[in-house]
Amino acid sequence: MTSDLGVSTAGEPRPLMAGRLEGKVCVVTGTGGSIGRATALTFAREGAFVVGCDVAVEPAEETVEMARAEGGRMVSLQPCRLSDPADCGRLVELAVSEFGQIDVLFNLAAAAYFNRLEDISDEEWDSARRNEVDLVARSPASGDDASPGSERSCNDHAERFRRN
Ligand SMILES: NC(=O)c1ccc[n+]([C@@H]2O[C@H](COP(=O)([O-])OP(=O)(O)OC[C@H]3O[C@@H](n4cnc5c(N)ncnc54)[C@H](O)[C@@H]3O)[C@@H](O)[C@H]2O)c1
């Protein structure tokens, strides 16, 4: 008998969530960064097909190598600038062409701009909004131009391939 905490009731360790993502196609953004890399490796260990991306080429490639070295299945697009709708489309196309579907979209990539509130410049404020909030959450479904071809974010592009 086991608990959900990674140890059996007899006190023996067991793999956490082993195989829980088997066969799932998981798109993770920002896989060159710390949380993105950890996520990609964890998802791959759990059996997922991982599709990563990052604007930073070398760290993103390193993550792919690390996942594959452990036997994981991962592809990645770099450089991929997620503020560019065309790159968002390319990322989703990569997932679908490699693995045929998308089950999970983890919109993680973001860049924060910190400063004391009284010192923050308009430019920093705009950068924080664009690179933290818009990048993760913006969708035409919440705007006036929700028409075919108006896809801006990964959410919009991935919506076409979402399985119910
Ligand atoms: N680290 C934390 O403790 C923490 C806590 C709460 C929230 N977060 C959020 O999670 C995000 C990721 O955290 P992290 O520690 O992994 O950051 P990180 O800086 O290590 O990784 C972020 C990655 O996203 C990439 N990226 C940024 N903008 C991009 C863009 N426009 N297109 C493509 N790639 C882009 C960067 O190149 C980087 O590799 C943070 O931005 C933050 O909003 C982090």
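The range 87-133: percent of C-alpha pairs farther apart than 14 Å? Value for the range 87-133 (Cα pairs over 14 Å): 62 percent. For the Cα trace of the range 35-114, dividing Rg by the Kirkwood Rh returns an Rg/Rh value of 0.95. In this simple spin-label approximation, LEU117 and ARG129 carry label points 7 Å from Cα along the Cα→Cβ vector, and these lie 1.7 nm apart. Using only side-chain charges placed at the Cβ, +1 for Lys and Arg and -1 for Asp and Glu, the dipole size of the range 85-139 relative to its Cα centre rounds to 180 debye.
Readers should treat all values here as calculations from the given coordinates under stated rules, not as data from a laboratory. For clarity, every value in this text was computed on a predicted model and none was experimentally measured. With ideal geometry, Cβ positions are generated from the backbone for all residues, glycine too; neighbour counts draw on all protein chains shown.
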